[in-house]
Amino acid sequence: MILRGLEKRFEESKKTWSEELPNGLWSYRTTPRTSTGETPFKLAYGSEAMLPIETGSTSHRNVNFDEISNIEGLRTNLKLLDEVRDCIVQKMESYKEKTKLYFGKRPRSGSMKQAI
């Protein structure tokens, strides 16, 4: 999964891949997964990451930033992280079941039927 994403990103910039690698990995960590509905960053740290483009612009998050409420919010997120992870486990189980049903209904190719 990571390799496919990096290959797509580096097709045009093969000579500068070492400069683009951190951006590719950041993209992977901050993209929500289908199975969980969350980003790997949020599951690890308890809150959404601020994108690098947001740090240099006047985004809503930058304009309304308050350090004290931010620290309180981060503490709350960390306290709730176990509950979030429990919900994610349920989502993943549901996703696995849906995937199993989908692939269980698909007809097998002719060569597979003969082998069985």
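Each reported figure results from applying straightforward, stated rules to the coordinates on display, with no laboratory input. Just so you know, these numbers come straight off a predicted model, no measurement behind them. Note: ideal-geometry Cβ built from the backbone for every residue, glycine included; neighbour counts use all protein chains shown.
Quick notes on this structure:
- Among ARG75, ARG33, the order by Cβ neighbours within 10 angstrom, fewest to most, reads ARG75, ARG33.
- When only the Cβ of Lys, Arg, Asp and Glu is charged (+1, +1, -1, -1), the dipole of segment 2-88 relative to its Cα centre reaches about 300 debye.
- Computed label-point distance, nm, for sites SER47 and LYS15 using a 7 Å Cα→Cβ extension: 4.2
- Label point distance in nm, PHE65-LYS79, each placed 7 Å from Cα along Cα→Cβ: 2.5
- Long-range Cα-Cα pairs in segment 2-88 (distance over 16 Å), rounded percent: 65
- Stretching ASP86 away from LEU25 to a fully extended chain increases their span by 19.4 nm, per 0.36 nm per residue minus the current alpha-carbon distance.
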